[in-house]
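Visitor: One structure, pasted below without further comment.
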């Protein structure tokens, strides 16, 4: 596991969950994804896949502003890279 990438993903999820310029449901999804990443009993690739699923679902919401969608795609990309490491 790439610890720096893991910490970066957690930081980005935390940052998104506190961004008041995105809708509440996006912030909740970021919090949920962060919580799933913290479940140590599951393997890292399962935690990443679960978080990607949560974020991918919300990224299709038409109410998400473009900067929020870009942040979601960035986090999803990093999660996919982390799952492969």
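Read-outs throughout are calculated quantities, based only on the coordinates presented, and are distinct from any laboratory measurement. Predicted, not measured: the structure shown is a model, and the values here were computed from it. Don't worry about glycine lacking a Cβ; one is built from the backbone with ideal geometry, like all the others, and counts go over all protein chains shown.
Visitor: Taking into account only those residues within the stretch 20-46 that are more than 15 Å from residue 74 (Cα to Cα) and touching a residue at least 40 places away in the same chain (Cβ under 8 Å), which is surrounded by the fewest Cβ atoms within 10 Å (Cβ to Cβ)?
Guide: Across the stretch 20-46, the extreme among qualifying residues is 21.
Visitor: Could we say that residue 49 is surrounded by 13 or more Cβ atoms within 10 Å (Cβ to Cβ), under 11 Å from the mean Cα position of the chain (by Cα), without any contact (Cβ under 8 Å) to a residue 60 or more places away in the chain and assigned to a helix (DSSP H, G or I) here?
Guide: The answer is yes for residue 49.
Visitor: Just for the stretch 1-13: of the residues that are within 13 Å of the chain's Cα centre (by Cα) and over 18 Å from residue 64 (Cβ atoms), which one is surrounded by the fewest Cβ atoms within 10 Å (Cβ to Cβ)?
Guide: The extreme case among them is 7.
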